[in-house]
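This report concerns only the one structure given below.
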Amino acid sequence: MTSVYIHIPFCNTICSYCDFCKFIYQQKWVEPYLVSLEQEINTKYKGEEIKTIYIGGGTPSSLSLEALEKLFSIINKFKLSENYEFTFECNIESITREKAIFLINHKVNRLSIGVETFNKRYLTFLNRHHKLDEVKKKINMLKQLGFNNINIDLIYALPNQTLAELENDIDEFLKLGIKHISTYSLMIEPHTKLYIDDVKSIDEDLDYKMYSLICKKLHDNGFIHYEVSNFAHPGYESKHNLVYWDNLEYYGFGVGASGYIDGIRYDNTRNLSYYLKGEWLDNEHLLSLNERIENELILGFRKTKGINMKLFYDKYNFDILALDIIENLLHSKKLILENNNLFINSAYFYIQNEILIDLIGVDYERKINCN
């Protein structure tokens, strides 16, 4: 167990597309929330050396300096490894110079900032409130303070969005000179304002053209496409998110957080009242061998490098190249085996779900026992 996710659910405003566990910021809930969070961490954390911490939300930067001091007094319980990655999520409107100085003085070395778009019409649609000049000033300020590992999020495939509008957003993102960009095609999720308003997703062909445009533009500007939605300059890949995609175990703390410990995947309650009473857990499930292997394949094939065959064999004592379905996918060139890595052909990366569906429901346990 080398990674920790901590969820801070408070937001100053609620974005129209967001289906994460979140609540409008109310000061009266912050202190009791941090008290319960500390109790959960004290109960579950076993003292391992931690390589990655990710504080997400919600909007962690909505916390006051006083609340941040309390939060980081809790985080100090974790034993950080020497070569750690510590990510903190921010919104442009709520990350101030004072908060940034506090974060850098408390070992945060990576920021993830929700920018999404610079188009005024789509900012209104998403219920975001920053302006281009404000973003530029804040990013420059963060760099001057010493943050050189910054991610920004881009949302595309917005209703009525054109390729030209998307390209303009990408160009403005590139001008910021950041090292990591996460890109997300707009999903209309239940219980969001967009869902309630019956907003429809764009045409799949246009979505594909937009995805292809993003891939080309970022590749041409020195970004490595290392995961289906993520692009980074060499050496700036998200170590924490790679824990998820490598199907490794991690702690999840906070309301609405998920974790993976001792073969058990669990979800914490999304009910703030329950969480404040110390009733943290909503559900947990001990994975079967079949489920562990399915997760390994589904998550691993999200990475452009795919799955390392030696590591997979060491983990499961099973050579998946012996499977007929894998052999067929290799023969059709949907999968490629290169340097002992098995990965999805880039020509099929956009439609990878059509490949992954064939890997679900296979009786891997029986095949291992017959091996």
Cα centroid separation, region 136-177 to region 225-250 (Å): 19
Over the chain: helical MRE at 222 nm, DSSP H runs n ≥ 4 each giving -39500 (n - 2.57), nearest 500: -11500 deg cm²/dmol
Sorted by Cβ neighbour density within 10 Å, fewest at the top, the residues Met1, Met210, Met187: Met187, Met1, Met210
Order of Ser81, Ser273 - criterion: other Cβ atoms within 10 Å of each residue's Cβ, fewest first: Ser273, Ser81
Ranked Ser212, Ser3, criterion: other C-beta atoms within 10 Å, fewest first: Ser212, Ser3
Separation of alpha-carbon centers, region 11-32 and region 303-331, rounded to whole Å: 42
FRET E, pair Tyr316, Glu66, Förster distance 30 Å, beta-carbon r, rounded to 0.05: 0.05
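Can you compute the charge dipole magnitude of the chain about its Cα centre, using +1 on each Lys and Arg Cβ and -1 on each Asp and Glu Cβ, nothing else charged? Give it in debye, rounded to the nearest 20. Don't jump to the answer; show the numbers that get you there.
Details: 41 positive and 51 negative charges, 237 e Å.
My answer is approximately 1140 debye.
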Calculated percent of Cα pairs over 37 Å apart (choose from [x] 22; [y] 12; [z] 37), label: [x]
Whichever lysines have a C-alpha closer than 18 Å to that of Lys333, once near sequence neighbours (fewer than 8 apart) are set aside: Lys303, Lys305
Point-charge dipole on Cβ atoms (K/R +1, D/E -1) for region 42-120, about Cα centre, debye to 20: 160
Full-extension gain in nm, Glu291 to Thr162, via 0.36 nm per residue minus C-alpha separation: 42.4 nm
Exceeding the 28 Å Cα-Cα cut-off - candidates Lys70/Lys193; Lys99/Lys136; Lys70/Lys120: Lys70/Lys193; Lys70/Lys120
Choice from Tyr84, Tyr122, Tyr316 showing the highest fluctuation, given a GNM over the chain with Cα pairs closer than 10 Å: Tyr316
Separation in nanometres of the label points that stand 7 Å from Cα toward Cβ, at Lys46 and Asp267: 2.5
Region 308-371 pair-distance distribution - Cα-Cα, 5 Å bins, rounded %: 4, 16, 26, 27, 19, 7, 1
Unsatisfied cross-links (Cα-Cα over 27 Å) in the set Lys79/Lys137; Lys79/Lys239; Lys46/Lys277; Lys137/Lys200: Lys79/Lys137; Lys137/Lys200
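Taken together, the values in this text are just the output of simple stated rules run on the coordinates, not laboratory data. Please read all numbers here as calculations on a predicted model, not as lab measurements. Virtual Cβ from ideal backbone geometry, glycine too; neighbours counted across all protein chains shown.
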